[in-house]
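Worksheet: the structure to be examined is printed underneath.
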Amino acid sequence: MQVEGPNGAGKTSLLRIIAGFARADEGQICFEGQDISRDYDTFAESLLFIGHKTGVNQQLTAYENVLYWLQVHGYGADEEEIYTLLGQLGLVGLEDVPVRTLSAGQQRRVALVRLWLNKARLWILDEPFTALDKKGVALLQQQFESHLANGGAILLTTHQDLTTQFSSLKTLALEYRH
Amino acid sequence: MKVEHSYWHLFVAVYRKDVTLAFRQRAEIVNPLLFFLIVISLFPLAIGPEPALLGRMAAGIIWVAALLSTMLGLDKLFRDDYADGSLEQMIASPYPMSLSVLAKVAAHWTITGLPMVLMAPLFALLMNLDSQALGATILTLLIGTPLLSFIGAIGAALTVGLQKGGILMSLLVLPLYIPVLIFATSAIDTASMSVAYGGQLAILGAMLAVAIVTAPIAISSALRVSVS
Amino acid sequence: MWKWLHPYAKAERAYQLCNTLLPYFVTVTAVCIAVGWIWGLAFAPADYQQKDSYRIIFIHVPSAILSMGAYSSMAIAAIVALVWQIRNAELAVIAIAPVGAAMTAIALITGAAWGKPMWGAWWVWDARLTSELILLFLYFGVLSLYHAFEDKKSGGRAACILAIVGVINLPIIHFSVEWWNTLHQGSTITKFDTSAIDSSMLWPLLINILGFAAFVGALSLVRLKNEILQVEKHRPWVRQLVSRG
């Protein structure tokens, strides 16, 4: 599901409300028939959220960042697996330098490693393709496909045209209202 | 990719991250301590160096300095996590947020409170405190500084989203510090008169127990407000 | 509780409720303060020790009591706001806070004015004065936190959390200050024993307290009405209200 609309239409706000960070003025958010505010921690188990601010610490290294994220989300960490994945995403040799020395695209990749390392069913991604090069975009779309094939759902905002790759794509267009 | 829920692992992960970060930028540990030391050394210069006078005022001076230097580190407690989105990830984690918060406060205390406790003998020496009062100073700092971290973290969480939250935070937090100040200094005073000061310590301990249970709840709801 | 509160979660209903209640509060304020002050200032007997200067009690004590009362009602509103997520209760917190702060300030100023002839100093670190001063700081905290937020919705919720944290701490602060004071107390201060007050002075005092309470209520209601209108200014019912004049 792709949310689109002009700048300021409220795409990010909508995503943040659905992820449970902000509260809607009216209405409620339900996941699998349950109001998420009732039992947020259970909902969080099925949720993977990557926003504009990706949650990657600038002082820590790429490896430490991934490890920390895994621990905080209750996943067991496997050192080899993390290094392999970082390598696949083109971060060979950069795993152990502080993230602040990496380029914007590389930093984004450090955040996106999570997409390969989770069991969440619902992914909420705010502009995941920002700052990525062509190869990065292709990798990401590949991972989207395998997530969907496993019965997962993705809710994202992007200005990329995804209609050709994903047949099951639904679009929600938000309009700008003053 | 196996899922293993363990509150202890989460606590350690969050705690370790903050302490690691602090050790990478040593200024974060050293600066509040230096500030503490400088504030304390200002007092003899301002009120005169007579040992008897200093000895009488030592408890108050040490504790006021401790309050102020705790405030220094508080501003940074959640600021980086807020700026880089880690707080959102913390909310979106399946663990109760209070637990991550508890770990962060514990880390803050390790970085700012614990060094003050360890330095206490030096301050006592500078301020001409006698040996009975030294024990009380160390004990009150040991029980009192975690309290300062807990109460202060509430203020930090409320103001983290604001551009210039630092001064506002002091305004919110300092009035709440008053009971800690009163009981801690009174314990030291009592000790220097060679009277038992267990009562004051017990009250401080009780306040700490209440803070450990309730403060994380307040802090996490404040953080949710700041993030939204 | 929810069923009872629910209708008032709607801004329009809350506004109407304010309108219905306001006249009663205004009447009680006018009657009680007029009667209380005239009785207290002109007819109640002079104190045998303090002569006429004790008469400031008729302003000092009500405002001191109401400064605490306003804080508790603010905290109750804050709890309602956070637990049932009612926006109007948040607005009530913001509406009550400055009124309570003003009461605290009045209590402090009249206390100082009373202290000058009685204790010979404008300010003494008496336990009640000190707690009152800290209470003022807590009010300032809630207000400045609210006004520091650009997003008033977040600001309101932050202020609510702080109000609740404050109300939990208030007894501890009060107790610690009291205890600190007995430890350090000199012999300068003579406290009144409130139960020993003569009924000829007690009655006007009680009437004044009631009047001040209604006064605080009335001011808060007016402020709450304004806050509701501010928040809802683009809603049709407010537009109708404005066009009706």
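Considering only segment B:207-219, state which residues are surrounded by 20 or more Cβ atoms within 10 Å (Cβ to Cβ) and either within 14 Å of chain A (Cβ to nearest Cβ) or farther than 15 Å from B:Ala106 by Cβ (or both). Step through it out loud before you land on a result.
Initially, segment B:207-219 is screened for residues surrounded by 20 or more Cβ atoms within 10 Å (Cβ to Cβ), giving B:207, B:211, B:215-216, B:218-219.
Scanning segment B:207-219 gives B:Met207, B:Ala218.
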> When the residues of segment A:25-51 are filtered to those that are part of a loop (DSSP other than H, G, I, E, B) and small (Gly, Ala, Ser), which remaining residue is nearest to the chain's Cα centre (by Cα)?
Replying inline: A:Gly51
> Can you tell me which residues in segment B:140-167 are closer than 14 Å to C:Arg157 by Cα, of a type in the set (Gly, Ala, Ser) and facing chain C (nearest Cβ under 8 Å)?
Replying inline: B:Gly161
> Which pairs do you get when a residue that is without any contact (Cβ under 8 Å) to a residue 12 or more places away in the chain, found in segment B:53-66, comes within reach of a residue that is part of a helix (DSSP H, G or I) and surrounded by 17 or more Cβ atoms within 10 Å (Cβ to Cβ), reach meaning Cβ atoms under 8 angstrom, with the pair 6+ apart or on two chains?
Replying inline: none
>> Among the residues of segment A:25-43, what is the count of those that are away from chain B (no Cβ under 13 Å) and either at positive phi or modelled with pLDDT of 80 or more (or both)?
In response: 3
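Test B:Val19 against the criterion of being closer than 27 Å to A:Arg114 by Cβ, in contact with a helix residue (DSSP H, G or I) (Cβ under 9 Å, 6 or more places away or on another chain) and aliphatic (A, V, I, L, M), and give yes or no. Give the derivation first.
Values: closer than 27 Å to A:Arg114 by Cβ: yes; in contact with a helix residue (DSSP H, G or I) (Cβ under 9 Å, 6 or more places away or on another chain): yes; aliphatic (A, V, I, L, M): yes.
Yes.
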> Would you pick out the residues in segment B:101-133 that are away from chain A (no Cβ under 13 Å) and under 23 Å from A:Phe49 (Cβ atoms)?
Replying inline: B:Leu102
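Matching residues to (1) touching a residue at least 24 places away in the same chain (Cβ under 8 Å); (2) under 21 Å from A:Leu14 (Cβ atoms):
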{"residue": "A:Val110", "(1), (2)": "yes, no"}
{"residue": "A:Arg114", "(1), (2)": "yes, no"}
{"residue": "A:Pro128", "(1), (2)": "yes, yes"}
{"residue": "A:Ala131", "(1), (2)": "yes, no"}
{"residue": "A:Gln141", "(1), (2)": "yes, no"}
{"residue": "A:Ala149", "(1), (2)": "no, no"}
{"residue": "A:Ala153", "(1), (2)": "yes, yes"}
{"residue": "A:His159", "(1), (2)": "yes, yes"}
> If A:Thr54 passes every condition in (1) more than 9 Å from every other protein chain (Cβ to nearest Cβ); (2) under 17 Å from the mean Cα position of the chain (by Cα); (3) not in a helix (DSSP H, G or I) but one, which one does it miss?
Replying inline: (1)
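The rows are residues; the columns are (1) under 24 Å from C:Ala214 (Cα atoms); (2) of a type outside the set (D, E, K, R); (3) surrounded by fewer than 18 Cβ atoms within 10 Å (Cβ to Cβ); (4) in contact with a strand residue (DSSP E or B) (Cβ under 9 Å, 6 or more places away or on another chain).
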site	(1), (2), (3), (4)
C:Pro62	yes, yes, no, no
C:Leu66	yes, yes, no, no
C:Leu91	yes, yes, no, no
C:Trp114	no, yes, no, no
C:Asp126	no, no, no, no
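Counting just the residues of segment C:76-110 that are more than 16 Å from the chain's Cα centre (by Cα) and of a type in the set (Gly, Ala, Ser), which one comes out nearest to the other protein chains (Cβ to nearest Cβ)?
Filtering segment C:76-110 down to residues more than 16 Å from the chain's Cα centre (by Cα) leaves C:79-90.
With of a type in the set (Gly, Ala, Ser) added as a condition, the list becomes C:81, C:89.
Working: C:Ala81: 12, C:Ala89: 15 Å.
Out of the qualifying residues, it is C:Ala81.
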>> Can you tell me how many residues within segment B:121-138 are part of a helix (DSSP H, G or I) and surrounded by 22 or more Cβ atoms within 10 Å (Cβ to Cβ)?
In response: 5
> Checking A:Ala22 against (1) within 11 Å of another protein chain (Cβ to nearest Cβ); (2) aliphatic (A, V, I, L, M); (3) within 20 Å of the chain's Cα centre (by Cα); (4) surrounded by fewer than 17 Cβ atoms within 10 Å (Cβ to Cβ), which single condition isn't satisfied?
Replying inline: (4)
> Hey, does segment C:81-88 have a residue that's without any contact (Cβ under 8 Å) to a residue 12 or more places away in the chain and either of a type in the set (Lys, Arg) or under 20 Å from C:Leu170 (Cβ atoms) (or both)?
Replying inline: yes
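Quick check on my filter: what residues within segment C:56-96 are of a type in the set (Phe, Trp, Tyr) and modelled with pLDDT of 90 or more?
Listed by number, the list holds a single entry, C:Tyr71.
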> Would segment A:95-114 turn up any residue that is surrounded by fewer than 19 Cβ atoms within 10 Å (Cβ to Cβ) and modelled with pLDDT under 80?
Replying inline: yes
> Which residues, counting only those in segment A:127-154, are surrounded by 15 or more Cβ atoms within 10 Å (Cβ to Cβ), within 14 Å of chain B (Cβ to nearest Cβ) and either at pLDDT 85 or above or out of contact with any helix residue (DSSP H, G or I) (no Cβ under 7 Å at 6 or more places or on another chain) (or both)?
Replying inline: A:Glu127, A:His147, A:Gly152
> When only residues in segment B:139-186 that are more than 12 Å from B:Ala66 (Cα to Cα) and among the hydroxyl-bearing types (Ser, Thr, Tyr) count, which is surrounded by the fewest Cβ atoms within 10 Å (Cβ to Cβ)?
Replying inline: B:Ser170
> How about segment B:6-100: which helices (runs of 4 or more DSSP H) wholly inside it have at least 3 residues that are surrounded by 17 or more Cβ atoms within 10 Å (Cβ to Cβ) and facing chain A (nearest Cβ under 10 Å)?
Replying inline: B:7-24, B:79-84, B:86-91
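So, of the residues in segment C:117-158 that are among the hydroxyl-bearing types (Ser, Thr, Tyr) and closer than 30 Å to C:Ile228 by Cβ, which turns out to be modelled with the lowest pLDDT?
Going residue by residue through segment C:117-158, those that are among the hydroxyl-bearing types (Ser, Thr, Tyr) are C:130-131, C:139, C:144, C:146, C:154.
Next cut, closer than 30 Å to C:Ile228 by Cβ only: C:139, C:144, C:146, C:154.
On the way: C:Tyr139: 93, C:Ser144: 92, C:Tyr146: 92, C:Ser154: 87.
Selected residue: C:Ser154.
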>> List the residue pairs whose Cβ atoms are under 7 Å apart, where the first residue sits in segment B:130-148 and is within 25 Å of B:Val105 (Cα to Cα), the second is hydroxyl-bearing (Ser, Thr, Tyr), and the two are 6 or more positions apart or on different chains.
In response: B:Ala136/B:Tyr197; B:Thr145/B:Thr70; B:Leu148/B:Thr70; B:Leu148/B:Tyr177
>> Looking at B:Leu158, B:Leu223, B:Leu168, B:Leu174 in this structure, which one is part of a helix (DSSP H, G or I) and either closer than 17 Å to C:Trp179 by Cα or within 16 Å of the chain's Cα centre (by Cα) (or both)?
In response: B:Leu174
> Does any residue of segment A:92-110 turn out to be outside any helix (DSSP H, G or I), within 18 Å of the chain's Cα centre (by Cα), polar (S, T, N, Q) and within 12 Å of chain B (Cβ to nearest Cβ)?
Replying inline: no
>> Pull out all pairs, ordered by first then second residue, where Cβ-Cβ is under 7 Å, the residues are six or more apart or on different chains, the first lies in segment A:58-86 and is facing chain B (nearest Cβ under 7 Å) and surrounded by 20 or more Cβ atoms within 10 Å (Cβ to Cβ), and the second is in a loop (DSSP other than H, G, I, E, B) and of a type in the set (Ser, Thr, Tyr).
In response: A:Val72/B:Ser93; A:His73/B:Ser93; A:Gly74/B:Tyr95
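Of all residues in segment C:134-164, which are of a type in the set (Gly, Ala, Ser) and within 8 Å of chain B (Cβ to nearest Cβ)?
Of everything in segment C:134-164, those that are of a type in the set (Gly, Ala, Ser) and within 8 Å of chain B (Cβ to nearest Cβ) turn out to be C:Gly141, C:Ser144, C:Ala148, C:Ser154, C:Ala158.
The values are calculated or read from the model by the stated rules, or taken from the named source; none is laboratory data. Keep in mind the model is a prediction, meaning the values are calculated, not measured. We place every Cβ from the backbone using ideal geometry, glycine too, and count neighbours over all the protein chains shown.
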